[in-house]
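*Asks:* Okay, handing you the structure first.
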Amino acid sequence: MSDFLQFLTKCPTAWHAVKEIGHRLTGFTKLSEKDAWHLEPGKSYYVEREGTLLCAFKLPKQKPVGAVILASHTDSPALKIKPQPDISTKEIAQLGTEVYGGPLLHSWFDRDLAIAGRIETDKGSQLVFLEECPVVIPQLAIHLDRTIHEKGIFVHKQDHLKAILSIAGKHTLESVLKKHLTFKTLYAFDLLLVPTEKPSRVGIQKDLYAGYRIDNLSSAYASLSAILKAKHTDKIQMAIFWDHEEIGSVSSTGAGSLFVDQILERICNSSREDFYRLKSNSIILSADVSHGWNPNFADKYDPQNSPLLGQGVVLKFNAGRKYATDAASSATLSKIAAKHKLKLQPAANRSDIPSGSTVGPIMSANTGIPTIDIGVPLWAMHSTREIIAVSDQEDLAKLLTAGLNEW
């Protein structure tokens, strides 16, 4: 359980998450997309793309008859630093930001925020996590906006989300980076603001996890645990960790790409007929968090179809195909869960409130492989401090492991 908290701490951005996942894939041989692959039956491999997409897979000892694919994503809603970020007004140095995904913006005020991500310099690509010198975005005092409790917090994305770097205007983003990293020329960067508060266990019985980026590192961690523990079967066992889910998945490292089909085809290295037959005998388990029933806002949930924290993994349904689950595929997963005495919670949103989306339907459409959407119930989705139940996280890892072993 403590290892999950360590994983969250080491993964402030998608780039850090891919690096950490790669470090943990002991026994897996790293491949490059640029090289010819010479794969051995019964061996384990992984491949990265652009530092933010990773795919790990185990091969059967004989010719594979299908594939079981675990899918999650490593990006989270955040504030992204603009390419020309430096602003100085009355000697107050600030950083201009833009919104990545759909964060709960008010949760970013009055917090210690680290600069984290990736920079490109004359020294090459470097990962950045400057938690020792945080910036802050101060909220307006209530005396200057006395209607805030009646009208709610309004956050102007352009004007209100500029981070304070220093009250001495001589400082810039590049000068701060050079104090902590060795380089002469900064060519470009992908940098985010991320909360520095450490994840922790909360509640009277310490039965909850609280932290940033639980959406969707909870699923990534469970998928990583499953692929490491899974025993070789007659199918390809795969765990893929996507980027850019929070902004639509349309990129070379997102689920909208043809990456999965390309990887499966390279693994099979056979006729198109055999490749299509393998896909027809495959399944995708798309893991992403779900909205847990919040007793303070009960009117926002469907009374019969809202999952509870601590009551098991959520099986996500949606008539508008925001989720890919159907009765046939979910029945098989339900049998596996029952065999291992793991609880499943079928869930759906209120009919008048649209659900979020996942990589599941995108992958299903791209590959033609049946897909199930599952995940753990979560409070405060897209906040800087999200909350899940410890037992649900454990159950998700067990279910994904069983799925790899027994589908």
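The values are calculated or read from the model by the stated rules, or taken from the named source; none is laboratory data. Remember, predicted model here, so these are calculated numbers, not experimental data. Note: ideal-geometry Cβ built from the backbone for every residue, glycine included; neighbour counts use all protein chains shown. Surface accessibility is based on the protein's heavy atoms, side chains included, excluding ligands, DNA and RNA. Shrake-Rupley method; radii C 1.70, N 1.55, O 1.52, S 1.80 Å.
*Asks:* What is the extension gain from Asp302 to Lys339, computed as 0.36 nm multiplied by their sequence separation minus the C-alpha to C-alpha distance, in nm to one decimal?
*Replies:* Contour length minus the Cα-Cα distance gives 10.5 nm.
*Asks:* In terms of modelled amide H atoms, which long-range or inter-chain residues lie less than 5 Å from the amide H of Lys82?
*Replies:* When sequence neighbours closer than 5 places are left aside, the close amide H contacts are Gly96, Thr97, Glu98.
*Asks:* For the stretch 289-383, just say rounded, prolate or oblate: build the C-alpha gyration tensor, square-root its eigenvalues into a ≥ b ≥ c, call rounded for a/c under 1.5, and beyond that prolate if a/b exceeds b/c, oblate if not.
*Replies:* Verdict is oblate for the stretch 289-383.
*Asks:* Could you pull out which residues in the stretch 18-52 have an amide N less than 13 Å from a spot 7 Å beyond the Cα of Ser2, following the Cα-Cβ vector?
*Replies:* none
*Asks:* Further, regarding this structure: What does the charge add up to near His291, with Lys and Arg as +1, Asp and Glu as -1, over the other residues with Cβ less than 14 Å from its Cβ?
*Replies:* Here the charged neighbours net out to -3.
*Asks:* Please work out the ratio of the alpha-carbon Rg of the chain to 2.2 N^0.38 Å and round it to two decimals.
*Replies:* 1.02
*Asks:* Full extension from Glu197 to His23: what is 0.36 nm times the residue separation minus their Cα-Cα distance, to one decimal in nm?
*Replies:* Here the answer is 60.3 nm.
*Asks:* Starting from the Cα-Cα distance between Leu39 and Val250, subtract it from 0.36 nm times their residue separation and give me the gain in nm to one decimal.
*Replies:* Computed gain between Leu39 and Val250 is 73.0 nm.
*Asks:* Next question, about the same structure. What is the distance in Å between the Cα centroid of the stretch 53-102 and that of the stretch 341-380?
*Replies:* Using only Cα atoms, the two centres lie 20 Å from each other.
*Asks:* Collect residues whose amide H, placed 1.01 Å from N in the peptide plane, falls under 5 Å from the amide H of Ser290; neighbours closer than 5 in sequence don't count.
*Replies:* Under 5 Å from the amide H of Ser290 lie the amide H atoms of Val376, Leu378, each far enough along the sequence or on another chain.
*Asks:* Oh, and also: What's the ranking of 215-223, 17-25, 177-185, 320-328 by average number of surrounding C-beta atoms within 10 Å, highest first?
*Replies:* Ranking the peptides 215-223, 17-25, 177-185, 320-328 by packing returns 215-223, 17-25, 320-328, 177-185.
*Asks:* Could you do me a favour and compute the accessible area per residue for the chain, 1.4 Å probe, result in Å²?
*Replies:* Per-residue accessible area for the chain comes out at 46 Å².
*Asks:* Can you run phi through the Karplus equation (6.51, -1.76, 1.60; θ = phi - 60°) for the stretch 302-316 and list ³J(HN,Hα) in whole Hz, with x for Gly and Pro?
*Replies:* Working through the residues one at a time gives 6, x, 9, 10, 10, x, 10, 4, x, 10, x, 6, 8, 9, 9 Hz.
*Asks:* Determine ³J(HN,Hα), in whole Hz, for all residues of the stretch 99-107 in sequence, where each value follows from phi through the Karplus function 6.51 cos²θ - 1.76 cosθ + 1.60 and θ = phi - 60°; x replaces Gly and Pro.
*Replies:* Each residue of the stretch 99-107 in turn: 8, 9, x, x, x, 6, 4, 5, 6 Hz.
*Asks:* Continuing with this model, one more query. Under the classification rounded if a/c is under 1.5, otherwise prolate if a/b is larger than b/c and oblate if not, where does the stretch 353-407 fall, given a ≥ b ≥ c as square roots of the Cα gyration tensor eigenvalues?
*Replies:* Oblate shape, in that a/c is at least 1.5 and b/c is the bigger or equal ratio.
*Asks:* What part of the accessible area of the chain, given as a whole %, is carbon or sulfur when the probe is 1.4 angstrom?
*Replies:* Solvent-exposed carbon and sulfur of the chain make up 52 percent of the total.
*Asks:* Near the amide H of His73, under 5 Å away, which other amide H atoms are found, from residues 5 or more places off or on another chain, if H is placed in the peptide plane?
*Replies:* Ala220, Trp242
*Asks:* As an exercise, use a Förster radius of 45 Å and the Cβ-Cβ distance of Glu150 and Ser270 to find the FRET efficiency, rounded to the nearest 0.05.
*Replies:* Once rounded, the FRET efficiency stands at 0.10.
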